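Read the structure below first, then the notes.
The values are calculated or read from the model by the stated rules, or taken from the named source; none is laboratory data. As the structure is a computational prediction, the values presented were derived from the model and not from experiment. Virtual Cβ from ideal backbone geometry, glycine too; neighbours counted across all protein chains shown. Calculation scope for accessible area: heavy atoms of the full protein, side chains included, ligands and nucleic acids excluded. Shrake-Rupley method; radii C 1.70, N 1.55, O 1.52, S 1.80 Å.
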Amino acid sequence: MNTNRGRRYALVQVGSLLLASCASAPTPIATEESAREFAATFLRVFEDLDMAKFIECFAEDATVFFPAPETPMRYNGRGAIRDQFQLGFNAIKGDSKAGPPYHRLAPDLLQVQVLGESLAVVTFHLTGPSRVARRTLVLHHRGGRWLIAHLHASNVANR
């Protein structure tokens, strides 16, 4: 009888530990909603050409493939990415007589794929009269916030 009581006590203890570990399992950091919110913020600061806020969206070790044939190589690191985007920002601001927002980026077919607790892929199109700008953001949740680990941009003719 005493042996059965000991077994039951052990089973209750093991069961309690299992329940406690399930109850305290971490909630996922990466959610579709938070990745969508990040993408919307990124596009908004891009519209405003606010370099300080824009470049903070990228991880220090981020990479980018730009869509223009003049920039065929991968750009590595926040500094190289900033320098290349700054050229575009300057050109857009120079052509504009108004202030922010300098252009409108309305994503079509935005899709979020959450791939784990700290990883998401966001894809969308920016459709214009002559081209479809296809964009992919690989997001990594670090230090309590989303950062772009990689941005891939390509353009195709709009038919």
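Kindly list the number of the only condition in (1) within 18 Å of His140 (Cβ to Cβ); (2) touching a helix residue (DSSP H, G or I) at 6+ places or on another chain (Cβ under 6 Å) that fails for Ile81.
(2)
Could you tell me which numbered condition Ala80 fails, if it satisfies all but one of (1) under 16 Å from the mean Cα position of the chain (by Cα); (2) among the small types (Gly, Ala, Ser); (3) surrounded by 13 or more Cβ atoms within 10 Å (Cβ to Cβ)?
(1)
Sort out which residues of the range 83-101 are touching a residue at least 12 places away in the same chain (Cβ under 8 Å) and either part of a helix (DSSP H, G or I) or open to solvent by less than 60 Å² (accessible area, probe 1.4 Å) (or both), and write them in order of number. Steps first, answer last, please.
So in the range 83-101, the residues touching a residue at least 12 places away in the same chain (Cβ under 8 Å) come out as 84-86, 89, 92-93, 100-101.
Once the filter is applied, which keeps residues that are touching a residue at least 12 places away in the same chain (Cβ under 8 Å) and either part of a helix (DSSP H, G or I) or open to solvent by less than 60 Å² (accessible area, probe 1.4 Å) (or both), the range 83-101 yields Gln84, Phe85, Gln86, Phe89, Ile92, Lys93.
Evaluate the following for Ala149: is it assigned to a strand (DSSP E or B) and among the small types (Gly, Ala, Ser)?
When the stated conditions are applied, Ala149 passes them.
Being in contact with a helix residue (DSSP H, G or I) (Cβ under 9 Å, 6 or more places away or on another chain), farther than 19 Å from Glu37 by Cβ, without any contact (Cβ under 8 Å) to a residue 60 or more places away in the chain and open to solvent by less than 40 Å² (accessible area, probe 1.4 Å): is that true of Phe54 here? Show your work before the answer.
Values: in contact with a helix residue (DSSP H, G or I) (Cβ under 9 Å, 6 or more places away or on another chain): yes; farther than 19 Å from Glu37 by Cβ: no; without any contact (Cβ under 8 Å) to a residue 60 or more places away in the chain: yes; open to solvent by less than 40 Å² (accessible area, probe 1.4 Å): yes.
Against the criterion (in contact with a helix residue (DSSP H, G or I) (Cβ under 9 Å, 6 or more places away or on another chain), farther than 19 Å from Glu37 by Cβ, without any contact (Cβ under 8 Å) to a residue 60 or more places away in the chain and open to solvent by less than 40 Å² (accessible area, probe 1.4 Å)), Phe54 does not qualify.
Could you list, in sequence order, the residues of the range 146-159 that are open to solvent by 40 Å² or more (accessible area, probe 1.4 Å) and in contact (Cβ under 8 Å) with a residue 40 or more places away in the chain?
Step one: of the range 146-159, the residues open to solvent by 40 Å² or more (accessible area, probe 1.4 Å) are 152, 155-159.
Result: His152, Asn155.
Rundown of residues vs (1) open to solvent by less than 30 Å² (accessible area, probe 1.4 Å); (2) more than 16 Å from Arg44 (Cβ to Cβ); (3) part of a loop (DSSP other than H, G, I, E, B), yes/no style:
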position	(1), (2), (3)
Tyr75	no, yes, no
His103	no, no, yes
Ala106	no, no, yes
Leu110	no, no, no
Gly116	no, yes, yes
Ala120	yes, yes, no
Arg135	no, no, no
His141	no, yes, no
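From the residues in the range 33-51 that are within 18 Å of Gln86 (Cβ to Cβ) and among the aromatic types (Phe, Trp, Tyr), which one is least open to solvent (accessible area, probe 1.4 Å)?
Phe42
Could you please give the count of residues in the range 45-97 that are in contact with a His (Cβ under 7 Å, 6 or more places away or on another chain) and among the aromatic types (Phe, Trp, Tyr)?
1
Over 13 Å from the mean Cα position of the chain (by Cα), at pLDDT 95 or above and open to solvent by 80 Å² or more (accessible area, probe 1.4 Å), is that true of Glu70? If you could, list the steps in order and put the result at the bottom.
Numbers: over 13 Å from the mean Cα position of the chain (by Cα): yes; at pLDDT 95 or above: no; open to solvent by 80 Å² or more (accessible area, probe 1.4 Å): yes.
Criteria not met by Glu70.
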